[in-house]
Amino acid sequence: MNKAKLTELLSIHHPIIMAPMFLVSNTKMVIEGMRSGIAGCIPALNYRTIDELKAAIKELKAAKVEGGSYGFNLIVNKSNIKYKEQLRVLCEEGVDFIITSLGSPEETIREAHKAGIKVFCDVTDLHFAKKVESFGADALIAVNNQAGGHRGNLDPATLIKQLNENTSLPIISAGGVGTKADINQMLTYGAVGVSVGSPFIASIESNVSNEYKQACVDYSAKDIVMTERISGTPCTVINTPYVQKVGTKQPWIERLLNKNKSLKKWVKMFRFYIGMKATEKAATEVTYKTVWVAGPSIEHTKAILPIQSIVQQLIKN
C-alpha cells in the first residue's frame, strides 16, 4: 500500500516532527524548526491558561513559512482537566495538526476534522493502532522502546512492521533518532517520517536550564534509566546522582496503595502531580533534585546549538 509521506501530509521539506516535550517545547523552537523545513509540536499543557495557549497559536500562525508546519499535543484522558477547552481553542484558532496521547482520541479526531485539522495518534502497539484507525486518525505516531519519556515496549523495526502490515495508516516513528542515518533506517523499516525529541533539548531556544541542556551533552545513551517516581508509569530519565540516590522504583507505600482498586486512581493522580512538579523545578532551576527526562538519542548531542543547526545535523550527517 502506498502511504502518504510525512512531507506530503504536512507540506514540509524534511520528514521530521520536532516532538512535543513537556516543559521543553516552546514557540521559539517551533518557529526555528519551521524555518528549517520541518514540523514542530508543543504540548498544550505547557501553557497554564487558555489565553496563553491562544496567544501561542496566533504567534505560530503569524510566523509560519512555506515548508514548515506547527501543531499541538493533547493529553486526551481524564487526568487533563483542561482537555475540552484546549481542544475547542485549537479547533477555533486553527492549527496544522494535533498529536494525541494517553487516552481515546475519538472526540479529538471528530472535532479536529470538522476544522480541517489532521490528527496523529501516539500508539505503542497494534491493538490501540487499529482502534484509532477506526476513529479516522490521519497517521500513527509509533512510540518505540528507544523513545524518551513514556516509551513503548517494542523495537522500532518490529513496531513499524506490525503497524504497516495491519493498518492502512502512515507510520511516523518516534524514538531512537539522533542522526540522518537513524532517520534513513526508520524510513527503510517502512515509516513515512520521524518524531524527534531529545536532540532538541540542548538547543539555545529551549527554556530549560543550562544545567539540563549541558547534561544532555555530558551524559550518553548508557546513562538513561527508567523510573517510576515521576508519573507512576515508567519514564526515561538521565541517571544523575540524585536519581541514583532516591532509586527508580515506586515507594513501598505507593505499591501497596496501588493494589487497592478504590484508591489506585487517586494514588496515580497524586504521584503524577508530585512528579510533574519535581520535573518542572529541575528543568527550570538549579537544584540538587535533578530529575531530567531524556531518551537515549542524547548520545549524539555534543554541544548546545541553535535549532537550525540541530536540524542541519539531522538532514545532512
I'd like the residue in the stretch 298-317 that is outside any helix (DSSP H, G or I) and among the aliphatic types (A, V, I, L, M) and, out of all such residues, is surrounded by the fewest Cβ atoms within 10 Å (Cβ to Cβ). A303
Step by step: first the residues of the stretch 28-47, then only those that are of a type in the set (D, E, K, R) and within 18 Å of the chain's Cα centre (by Cα), then the one that is nearest to V76 (Cα to Cα). Which residue is that? K28
Can you name the condition, by its number, that S25 falls short on among (1) farther than 18 Å from L305 by Cα; (2) crowded, with 19+ Cβ neighbours inside 10 Å? (1)
Cβ-Cβ under 8 Å pairs, at least 6 apart or on other chains, the stretch 85-109 side in the same structural domain as A55 (by TED's automatic domain parsing), far side part of a strand (DSSP E or B) and of a type in the set (D, E): I99/D122; T100/D122; S101/D122; L102/D122
Residue by residue through the stretch 9-48, note down the ones that are of a type in the set (V, I, T) and in contact with a Cys (Cβ under 9 Å, 6 or more places away or on another chain). I17, V30
I need the full set of residues from the stretch 165-185 which are surrounded by 17 or more Cβ atoms within 10 Å (Cβ to Cβ) and free of Cβ contacts under 8 Å to residues at least 40 places away in the same chain, in order please. S173, Q185
Inspect the stretch 278-297 for any residue being farther than 24 Å from N145 by Cβ, modelled with pLDDT of 95 or more and surrounded by 14 or more Cβ atoms within 10 Å (Cβ to Cβ) and give the result as yes or no. no
C121 meets each of (1) within 30 Å of V225 (Cβ to Cβ); (2) assigned to a loop (DSSP other than H, G, I, E, B); (3) free of Cβ contacts under 8 Å to residues at least 60 places away in the same chain with one exception, condition (2)
Only helices (runs of 4 or more DSSP H) wholly contained in the stretch 158-252 count here; list those with 3 or more residues that are closer than 20 Å to G40 by Cα, more than 18 Å from the chain's Cα centre (by Cα) and at pLDDT 90 or above. 180-189
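The values are calculated or read from the model by the stated rules, or taken from the named source; none is laboratory data. Since the model is a prediction, treat every value here as computed from it, not as a measurement. Quick reminder, even Gly has a Cβ in these numbers, built from the backbone with ideal geometry, and neighbours come from all protein chains shown.
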